[in-house]
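Following: one structure in structure tokens, then a few remarks.
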Amino acid sequence: MTIKGVFSEEKRERQALSAESSSSRAQESERPLMSTVDPRHYALSIQWSAEDQAYVVTVPELPGCQTHGSTHEEAVRRGQEAIAGWLSAALATQAAPPPPRTLASSSA
């Protein structure tokens, strides 16, 4: 199966999770937790796939969080959207998301 086939399936799963999280109960439970998690703090690993002719994006801290884009800019944008969707789905189910990685400070 190619990357595109995998991502089509993941997109359907994200859409289903997004529909579930639109209920008022899920929205109420998201608000307090979402304010403590900044989606921009998660790392994006972007690699070119010659087979798929696309940039493949993986978020190392969030299991299964992957997407792709035909340009680097699109890959970054879709990566940010994937992080937001992953966090929303996790928070809607009351799951605590993994913390973003941080750089270790060097004392020189």
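Sequence-ordered 3J(HN,Hα) estimates for the range 72-85 from the Karplus curve with 6.51, -1.76 and 1.60 and θ = phi - 60° stand at 4, 4, 5, 4, 4, 4, 5, x, 5, 5, 5, 4, 4, x Hz, glycine and proline given as x.
Answer rounded, prolate or oblate for the range 69-108, using the Cα gyration tensor with square roots of eigenvalues a ≥ b ≥ c: rounded when a/c is under 1.5, else prolate when a/b is larger than b/c, else oblate.
It comes out oblate by the Cα gyration axes.
Taking Cα centre as origin and charging only the Cβ of basic (Lys, Arg, +1) and acidic (Asp, Glu, -1) residues, the dipole magnitude of the range 33-83 rounds to 120 debye. Residue separation of E73 and A43 scaled by 0.36 nm, minus their Cα-Cα distance, works out to 9.3 nm of gained length. Taking the Cβ-Cβ separation of A95 and E51 as r and a Förster radius of 41 Å, what is the calculated FRET efficiency to the nearest 0.05? After rounding to 0.05, the efficiency reads 0.80.
Any read-out appearing in this document is the output of simple, stated calculations on the displayed coordinates, not a laboratory observation. This one's a predicted model, so the numbers in the text were calculated from it and none came from an experiment. Because the Cβ atoms are built from the backbone with ideal geometry, glycine has one as well, and the counts that use them run over all protein chains shown.
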